[in-house]
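Note sheet for the following structure.
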Amino acid sequence: MKNGIHPENYRLVVFKDMSNDEVFLCKSTADTKDTIEYEGTEYPLIKMEISSTSHPFYTGKTKLVDTAGRVDKFMNKYKKFAK
């Protein structure tokens, strides 16, 4: 590895998956103003929308998205412009 290109300010940070409230602790250099108490100690908090505990690839569960409803809404909105 090249010297001098990696950050030196790693610290323990709690990451929280907001979709299932799963939390885990690891080192990071990410900046945040939020904090959380985890196992009796206060740590900086990084909020995430998805992680390996909630991602469909890792969980094997898929989420159904209502694409048909959005397509129908779009078609109804613009059908007056059809030739």
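Using a 1.4 Å probe and counting only protein heavy atoms, arrange Tyr43, Tyr10 so the residue with the most accessible area comes first. It would help to have the intermediate numbers written out before the result.
Numbers: Tyr43 40, Tyr10 125 Å².
Sorted descending by solvent-accessible area, the residues read Tyr10, Tyr43.
Roughly how many Å² of Arg70 are accessible to a 1.4 Å probe, to the nearest 10?
Roll a 1.4 Å probe over it and Arg70 shows about 140 Å².
Could you tell me the accessible area of Lys2 in Å² (1.4 Å probe, neighbours in place), rounded to the nearest ten?
150 Å²
Residue separation times 0.36 nm, minus the C-alpha to C-alpha distance between Val23 and Ile46: what's the value? Let's see the in-between values first.
On the way: separation 23, 0.36 × 23 = 8.28 nm, distance 0.97 nm.
Full-extension gain reported as 7.3 nm.
Which three semi-axes in whole Å describe the equivalent ellipsoid of segment 1-43, each the square root of 5 times a Cα gyration tensor eigenvalue, listed largest first?
For segment 1-43, the semi-axes come out at 25, 12, 9 Å.
Could you order Ser52, Ser28 so the one with the most accessible surface comes first? Probe is 1.4 Å. Please list the in-between numbers first.
On the way: Ser52 75, Ser28 15 Å².
Order by accessible area, largest first: Ser52, Ser28.
Could you put Phe74, Phe24, Phe15 in order of accessible surface area, largest first, with the 1.4 Å probe and the full protein assembly present? All intermediate terms of the calculation are to be shown ahead of the outcome.
Numbers: Phe74 115, Phe24 75, Phe15 30 Å².
Result of the area sort, largest leading: Phe74, Phe24, Phe15.
The values are calculated or read from the model by the stated rules, or taken from the named source; none is laboratory data. Because the structure is a prediction, the values reported are computed rather than measured. The area values use the complete protein model at the heavy-atom level, side chains included, leaving out ligands, DNA and RNA. Shrake-Rupley method; radii C 1.70, N 1.55, O 1.52, S 1.80 Å.
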